[in-house]
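The values are calculated or read from the model by the stated rules, or taken from the named source; none is laboratory data. From a predicted model like this one, the values you see are computed outputs, not experimental measurements. Cβ sites come from the backbone with ideal geometry, for glycine too, and all protein chains shown count toward neighbours. Heads up: the accessible areas ignore ligands, DNA and RNA and are worked out on the full protein's heavy atoms, side chains in. Shrake-Rupley method; radii C 1.70, N 1.55, O 1.52, S 1.80 Å.
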Amino acid sequence: MNPIPYGRQHITDEDIQAVVGALQSDFLTQGPRIKEFEEAFAKYVNAQYAVAVANGTAALHLCALALEVKPGQKVITTPNTFAASANCIQYCGGEVVFADIDPETYCLDIQKVKDLLESSPKGTYQGIIPVDFAGYPVNLEAFRELADEYDLWIIEDACHAPGGHFIDSKGTKQHCGNGKFADLAIFSFHPVKHIACGEGGMITTNNKQLYEQLLILRTHGITKSSDLLEENHGGWYYEMQMLGYNYRITDVQASLGTSQLKRADEGIARRRAIAKKYDEAFAGTVVKTLSNPSSIAHAYHLYVIQVENRKALYDHLRAQKIFVQVHYIPVHLQPYYRELGWKKGDLPQAESYYEHCLSLPMYPTLTDEQQQFVIEQVLAFAK
Ligand SMILES: *Cc1c(COP(=O)(O)O)cnc(C)c1O
């Protein structure tokens, strides 16, 4: 059996043709394919505006800049995420505060966030960054209510969840990243994510002012837009109005993104079928899986199980060339954050989850045979 990774991209002939088309065009960067990708993506997640950027981490950094995170300000996020979700606050000199996860969703526990907010003077915190971990759509309606009470903004880290949704209290589908409850949402197009650009990221929002700010921040803080200029010396004239970065994506990457996006629904349907088969195979066994309430449509970037003998199972599966992974080492226990005062015992749910979790292969081109082999190996060895 060939090696089975935990996730992988799926590149078709159409994707290759799309990229070739970009290479043969007049633009390698900042051409029409970026706008095309942005518009298609905004439509896909049901948001008004989208800004394509160099990667998901750049997207997070730009969000923190647009929301004016400043030294001394505190922002709450989850420890069960990729480090970038937290790092964007540190980039701006702010301070990340981690709140523990809910063992029923593996996402930020809103009650723990409430506890933090209630135990500090108003104004201590500036924002919240919930993460749709593994593709589980966080109930952002509830987070919005809490955020409004404390005058906080929300960045939804939806890197794992394009195509996911939850049902709000009025029975309406709320797509991950639609900007209905979060001020800004971000996505990544790293090859292990749902949509691959090589490197790439996206910010979505319904807030026009933030949208315009992001466009300028993405390219050095420079604008040429005549209605925004303070002076105008002629056709060549531009102004650098704030300190921005070069966080642009290229037309070549955007062409791949647009092509991949056309198959996003197909991909997610396959992911859900794979998840269903895992769910059924592990039901009533020692392998713990997450329950799947009807109030959400999981996007299944990852399929996570919990077992008692995680390390042994990991080693066993790896020996079978099933390249499972662990998501995530709690961010607060990384040496950088330990140096800032975080320690083992601070967030018991996330730490206990980390002791037991394992991400099984989950990607659209995983075959039934491969999945069957994975299931057999897991069931034969799990304790
Ligand atoms: C992948 C990922 C990021 C960062 O995206 P890059 O494109 O790799 O910079 C941020 N947050 C989460 C939850 C991710 O999975």
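Of note:
- Scan of segment 140-159 for residues that are away from the ligand (no atom under 16 Å from the Cβ) and in contact (Cβ under 8 Å) with a residue 40 or more places away in the chain, ordered by number: Glu141, Trp153
- The single condition among (1) away from the ligand (no atom under 16 Å from the Cβ); (2) part of a loop (DSSP other than H, G, I, E, B); (3) within 30 Å of Ile11 (Cβ to Cβ) that Tyr237 does not satisfy is (3).
- Sub-9 Å Cβ pairs linking a first residue in segment 333-348 that is in a loop (DSSP other than H, G, I, E, B) to a second residue that is surrounded by 17 or more Cβ atoms within 10 Å (Cβ to Cβ) and of a type in the set (Lys, Arg), at least 6 apart or interchain, are Leu347/Lys112, ordered by first then second residue.
- Unmet requirement for Val304, which otherwise passes all of (1) under 18 Å from Phe41 (Cβ atoms); (2) outside any loop (DSSP other than H, G, I, E, B): (1)
- Screening Leu313, Leu302 for residues that are open to solvent by less than 20 Å² (accessible area, probe 1.4 Å), out of contact with any Lys or Arg (no Cβ under 9 Å at 6 or more places or on another chain) and not assigned by TED's automatic domain parsing to the domain that holds Asp26 leaves exactly one candidate, Leu302.
- Test: Glu280 is touching a Pro at 6+ places or on another chain (Cβ under 9 Å) and open to solvent by 30 Å² or more (accessible area, probe 1.4 Å): no
- Search result, residues across segment 196-246 that are touching a Pro at 6+ places or on another chain (Cβ under 9 Å) and either farther than 28 Å from His301 by Cβ or surrounded by fewer than 18 Cβ atoms within 10 Å (Cβ to Cβ) (or both): Gly198
- Residue in segment 107-129 that is assigned to a helix (DSSP H, G or I), buried (at least 24 other Cβ atoms within 10 Å of the Cβ) and within 16 Å of the ligand (Cβ to nearest atom) present: no
- Residues being more than 10 Å from the ligand (Cβ to nearest atom), open to solvent by less than 10 Å² (accessible area, probe 1.4 Å) and of a type in the set (A, V, I, L, M) are entirely absent from segment 161-169.
- Per this entry, Ala42 is counted among residues that are more than 16 Å from the ligand (Cβ to nearest atom) and closer than 19 Å to Gln209 by Cβ.
- Residues satisfying the stated conditions in segment 1-28, i.e. touching a helix residue (DSSP H, G or I) at 6+ places or on another chain (Cβ under 9 Å), at pLDDT below 95 and surrounded by fewer than 14 Cβ atoms within 10 Å (Cβ to Cβ): Met1, Asn2, Leu28
- Looking at Lys208, Lys180, Lys224, just one residue is farther than 30 Å from Ile268 by Cα and more than 16 Å from the ligand (Cβ to nearest atom), and that residue is Lys224.
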